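The values are calculated or read from the model by the stated rules, or taken from the named source; none is laboratory data. Model, not experiment: these values are computed from the prediction. Using ideal geometry, Cβ is built from the backbone for each residue, glycine included, and neighbour counts are taken over all protein chains shown.
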Ligand code: FES
Ligand SMILES: [Fe+2]
C-alpha cells in the first residue's frame, strides 16, 4: 500500500497509481513531452480532505497536496531533500507546515524549509523544495507545474458541473491509464472509434459514414460529427420515453480539446425534422493528467441537458450513465489503448501511423501542443 492517505474514489476496483510501475523501461518516447505552463487536474476537490497529505505523481514529479488552515490547497514536491523520503508520509503541523517522518525537517506551503531540528539548526538553500500553484474551480483542483506566472483565465470553462442539478450529473470517475496521455487525446478526439469500439452503447456503425468536421480556434480544436437519421445509441435510448427517438433520430457530437489535455464533449439526439432543442443529451467532461511518460490519470464525469425524465428515473439514469461510461472507458477503450502503447513500444523506432481522414482532429491538436511545448522551451 502506498503512503497515500487517500485511496482515491472507490471505482470498479481501480485506484490511482501511487508510485508508477518502473518496469516500463522502454526507449524514451519522442512524444513524452509535457506542457508545463498550463493547468492540469490534480484531483477532484472533494478527494482532498482537511488534515491529509495526498501524494500524486504528475508530469513525472512527485507532488504532496494538502489543505492549509484557511482551506486553500498547497502543493510541494513530495520528496524530502535530505534522504528523499516522501513528505506525504509525514505529518501536518500548525502554520501549514509538513514535517518529514524520518528526521523531522519541516517545510512551509511555499516549499521552503522552515525548521531543521538538528545540530546548528542551519537551513541551507539545498533544503528548499519547489511549490506549485493550485486553485479550486468547477469542483476540481487545478495545478500549474510551470515556472511562468499561473494564468487563471486559461482554465477551461466546465461550469456545467457547477450548474447542473445533482440528479443530472454523475460522480467523478477515475482510471489509471497505462499509456502516454497523447494516445488518450487521440482516442477522445477521434469520434469515429465510437461507432466501432463502443458499438451499441455510445454509437453504432450506422453513424460512421460521414467524416468529422475539424475547427481550430485560439489553440483549441473541435471535432464534430453529425448524422441526419441514425439508430439511437443505447445511452440516449434511456434518456427518453419517446419510442420514436428511442429507435432513430438526428444525432450530433462535438468534442473540444483545450491545451494541454482537457476535453469537453457534447452529445445529443432529437427526432428527425424537429429542432435540436427538443432533443436530449449530455455533456461529457474528460480530464487527462500525465502521470509518467507511459501512465495517465484519467478523470471524467457527465451532465445531462434538456432532461425529459422524472426524478425517480433520473436517479437510476445517473448511475447507469456512470456505469456505462466507466464500462466503455475501462473495458473497451483502455485495453485497446494499453495494447497500442505496448505495440508502439515494441518498435525500435518512433511509430509512424498511416493516416486516415478520421485523424484530422488528432493531427491538429498535436500540431498546436507541439508548438506550445516548443515555445515554452
Ligand atoms: S529524510 Fe526527511 S528529514 Fe531526513
Ligand atoms: Fe472511446
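You will find that of 216, 221, the residue that is touching a residue at least 12 places away in the same chain (Cβ under 8 Å) and buried (at least 21 other Cβ atoms within 10 Å of the Cβ) is 221 and no other. Residues that are farther than 19 Å from residue 357 by Cα and modelled with pLDDT of 90 or more were ranked within segment 185-227; the one that is nearest to ligand 2 (Cβ to nearest atom) is 220. Looking at the structure I just gave you, is residue 272 part of a strand (DSSP E or B), away from ligand 2 (no atom under 16 Å from the Cβ), touching a residue at least 12 places away in the same chain (Cβ under 8 Å) and assigned by TED's automatic domain parsing to the domain that holds residue 308? No.
For segment 57-74, filtering for residues that are within 15 Å of residue 135 (Cα to Cα) and within 16 Å of ligand 1 (Cβ to nearest atom) leaves 1.
So which residues in segment 103-128 are in contact with a helix residue (DSSP H, G or I) (Cβ under 8 Å, 6 or more places away or on another chain) and part of a loop (DSSP other than H, G, I, E, B), if there are any at all? Those that are in contact with a helix residue (DSSP H, G or I) (Cβ under 8 Å, 6 or more places away or on another chain) and part of a loop (DSSP other than H, G, I, E, B): 105, 116. Of the residues making up segment 162-175, those that are in contact with a strand residue (DSSP E or B) (Cβ under 6 Å, 6 or more places away or on another chain) and either at pLDDT 95 or above or surrounded by fewer than 19 Cβ atoms within 10 Å (Cβ to Cβ) (or both) number 7. Scanning segment 141-163 for residues that are under 17 Å from residue 57 (Cα atoms) and outside any loop (DSSP other than H, G, I, E, B) yields 141, 142, 143, 144.
For segment 75-89: of the residues being assigned to a helix (DSSP H, G or I) and more than 8 Å from ligand 1 (Cβ to nearest atom), which is farthest from residue 146 (Cα to Cα)? Here the residue is 89.
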